[in-house]
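Notes follow the structure.
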Amino acid sequence: MTPDVHVELTPSDYVSGAPALQNVLRALDYGVNVVTANKAPLVLAYDEVMGRAKTEGVMVRFKATVMGGSPFIDMLLSMRSHDVVGVEGILNATSNLILTLMEDEMVELEGAIARAQAPGVAEANVELDIGGLDAAAKLVIISNVVGKPIRLDDVRRVSLASVKLRGVMLALKEGYTLKYIARANFKERRASVEPMKIPRADILSQVRGTMNAVKIRSDVGDYMFIGRGGGAVETAHTVLDGILSIALEVGGCVRPGG
């Protein structure tokens with residue numbers, strides 16, 4: 001029996017995409033709708049995934065892939081008349097929590113990582129987070145959503161491992177906060193993920209813990225979106241939202257008051 005929705009929650013592999021990419025493509029070939037929190041299929045084969053979905057007349061929901069505890073992707077998809085020229089912000093909850101802990105508790109990177117791992121916020125292997133690959137993958141997905149695709153290899157990454165407590169404290173003394181910033185200039189096709197000193201007056205410097213924030217620059221104006229970067233409960237809600245949105249659309253239902 002063919003399911004109505006395939007939910008893809010396997011870990012992301014940005015080399016082969018396996019097994020998520022193959023799972024998603026097979027589901028689409030069978031005419032099955034897809035909800036994914038795995039970024040790899042969209043990073044490695046966005047056009048193919050969306051093309052097959054269109055051909056088969058099914059839907060792909062992926063808002064759990066970027067700022068997974070918030071409706072950021074839905075908002076970005078709604079900006080159809082905007083020419084989005086760039087984005088800048090904090091796209092990885094784990095690295096932001098680590099920097100917040102370094103600043104608040106005055107511990108070195110290793111100590112902050114251990115504290116973030118204790119409640120389960122940080123994975124046992126935090127390299128995807130502190131190495132910038134997770135945030136870079138999110139920039140790639142954003143670029144595809146706004147129709148100005150960049151590749152993962154286009155994103156320059158500077159590891160958070162280069163940050164020392166002395167640098168965090170020095171930034172504070174100078175009136176800055178150290179943040180792990182993901183940014184993309186779609187006109188110039190430049191993108192990066194790197195530690196940066198942000199002025200204390202900038203709203204990004206006030207985004208702490210596991211919160212994320214993105215500044216969107218468009219021809220109409222600049223917009224700021226702040227929300228949960230992820231977390232088990234938050235991501236589960238976002239995935240469930242995707243399933244429900246497909247069910248409501250397929251069933252021709254409308255939310256109360258909608």
>> Between helix 40-56 and the chain, what is the angle of the helix's C-alpha long axis to the longest principal axis, kept within 0 to 90° and rounded to the nearest 10?
In response: 20
> In whole percent, what relative contact order does the stretch 112-199 give with Cα contacts below 8 Å and a gap of six or more residues?
Replying inline: 27
> Given a cut-off of under 8 Å on Cα pairs at least six residues apart, what relative contact order in percent is computed for the chain?
Replying inline: 23
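Give me the percent of DSSP beta bridges within the chain that run antiparallel, rounded to the nearest 5.
Antiparallel bridges make up about 75 percent of those DSSP assigns within the chain.
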> On a 0 to 90 degree scale, rounded to 10, what angle separates helix 133-145 from the longest Cα axis of the chain?
Replying inline: 50
> Where the centre of each part is set by its Cα atoms, how far does the stretch 1-54 sit from the stretch 166-186, in angstrom?
Replying inline: 36
> If the chain between residue 166 and residue 110 were fully stretched, how many nm would it gain, using 0.36 nm times the residue separation less the Cα-Cα distance?
Replying inline: 18.8 nm
>> Need the list of lysines near residue 179 for cross-linking: C-alpha distance under 21 angstrom, and skip anything on the same chain fewer than eight residues off.
In response: 138, 164, 197, 215
>> Give me the dipole magnitude in Debye, nearest 20, for the chain about the Cα centre, with unit charges on the beta carbon: positive for Lys and Arg, negative for Asp and Glu.
In response: 560
> Rounded to the nearest 0.05, what FRET efficiency do residue 50 and residue 208 have when you use their Cβ-Cβ distance and R0 = 45 Å?
Replying inline: 0.80
>> So for each of 182-189, 211-218 I average, over its residues, the number of other beta carbons within 10 Å; can you give me the resulting order with the highest mean first?
In response: 211-218, 182-189
> In the chain, how does Rg compare with the Kirkwood Rh, expressed as the Rg/Rh ratio over alpha carbon atoms?
Replying inline: 0.98
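Only the coordinates and a few stated rules stand behind these numbers; no lab work does. All of these numbers come straight from a predicted model, not from anything done at the bench. Every residue, glycine among them, receives a Cβ derived from its backbone with ideal geometry; neighbour counts consider all protein chains shown.
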